[in-house]
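As structure tokens, the structure follows; a few thoughts come after it.
The values are calculated or read from the model by the stated rules, or taken from the named source; none is laboratory data. Quick caveat, the model's predicted, so the values are computed rather than measured. Cβ sites come from the backbone with ideal geometry, for glycine too, and all protein chains shown count toward neighbours. Surface areas here come from the heavy atoms of the whole protein model, side chains and all, with no ligands, DNA or RNA. Shrake-Rupley method; radii C 1.70, N 1.55, O 1.52, S 1.80 Å.
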Amino acid sequence: MITGDNIRAALFDLDGVVFDTEGQYSVFWGSQCRLYRPDCPGLEDKIKGQTLVQIFDKYFAGMEDVQSKIVASLDEFERNMSFDYVAGFLDFVSRLRGKGVKTAVVTSSNKVKMEAVYAARKEFKGLFDAILTAEDFEHSKPDPDCYLKGAARFGLEPSECVVFEDSFNGLKSGRAAGMTVIGLATTNDAVAIEPYCDEVIKDFRELVGVI
């Protein structure tokens, strides 16, 4: 169990953890997959939690023109999407900061996407001591690189950090980094992600009274 006494930094993935956006991405990717990969029904479910590079390399290799069209469509989509916080997140992060716990976003989203976040949520930057994006990492999740860089940003050991993730790749990344991993069942079923977590929660309201 995590407490304000045994962790010094909380590292949060973005989509499906801070923001309840996974449903919107399912709609977007469903439309793109039906348009460009109708031979792979249900592909939008298989690619959940993967980076754009990983998706392109595995499912759109050699389709440079299609990749360009998807990127343009994705940029436009993200400029207009809704950024609603996962239930209980704002209260939880406020309690963490009140306890002196460092907070950071560690996301595979790029700076273009983050500008849309900042425009939609003026308070966002003030919730975190650091924001690490795709441009800050050499290797994507499930490699531990991003979370190790998050710990290093605060001069902490992995054992002093807790990771909050929803995707399989993200959960594997946090575990490979040697950190406590809390899985949110916002994107995948709780039973499915349980083997990759130290604890599974539906949302942050389940942590009331913990911190």
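Computed about its Cα centre, the charge dipole of the chain is approximately 380 debye, with only Lys, Arg, Asp and Glu carrying charge at their Cβ.
Considering only VAL106, VAL66, VAL162, give the residue with the highest GNM mean-square fluctuation for the chain, with springs between Cα atoms whenever their separation is below 10 Å. In the Gaussian network model the winner is VAL66.
The C-alpha atoms of the chain define a longest principal axis, and helix 89-98 lies at about 40 degrees to it. Using heavy atoms of the protein chains and a probe of 1.4 Å, the accessible area assigned to LEU127 is about 30 Å².
Rank-order 32-39, 170-177, 83-90, 10-17 by packing density, defined as the average count of other C-beta atoms within 10 Å over each peptide's residues, highest first.
Per-residue mean Cβ counts within 10 Å order the peptides as 10-17, 170-177, 83-90, 32-39.
Put the Cα centre of segment 147-173 next to the Cα centre of segment 37-111 and the gap is 18 Å. Heavy atoms of the protein chains alone define the surface here; on that basis segment 7-58 has 44 Å² accessible area per residue at 1.4 Å probe size. Each Lys or Arg adds one and each Asp or Glu takes one away; over the other residues whose Cβ falls under 14 Å from the Cβ of CYS33, this sums to +3. Mean separation of Cα pairs under 8 Å and 6 or more residues apart, divided by the residue count, gives segment 70-151 a relative contact order of 29 percent.
Rounded to the nearest 500, the 222 nm mean residue ellipticity of the chain from helices alone is -12000 deg cm²/dmol, with -39,500 (n - 2.57) taken per DSSP H run of at least 4 residues.
Which lysines have a Cα less than 26 Å from the Cα of LYS102, not counting those fewer than 8 places away in the same chain? In chain and number order, the partners are LYS111, LYS113, LYS122, LYS125, LYS141, LYS149, LYS172, LYS202. Where in the chain lies the longest segment free of GluC sites (Glu not before Pro) that are both loop residues by DSSP (not H, G, I, E, B) and have at most 11 other Cβ atoms within 10 Å? Here the longest segment lacking exposed loop sites spans 1-122. Given a 1.4 Å probe and the protein chains as shown, LYS69 ends up with an accessible area of around 100 Å².
Carbon and sulfur: what percent of segment 96-211's accessible surface (1.4 Å probe)? Don't skip to the end; give the middle numbers.
Values: 2450 of 5180 Å².
The C+S portion of the solvent-accessible surface of segment 96-211 is 47 percent.
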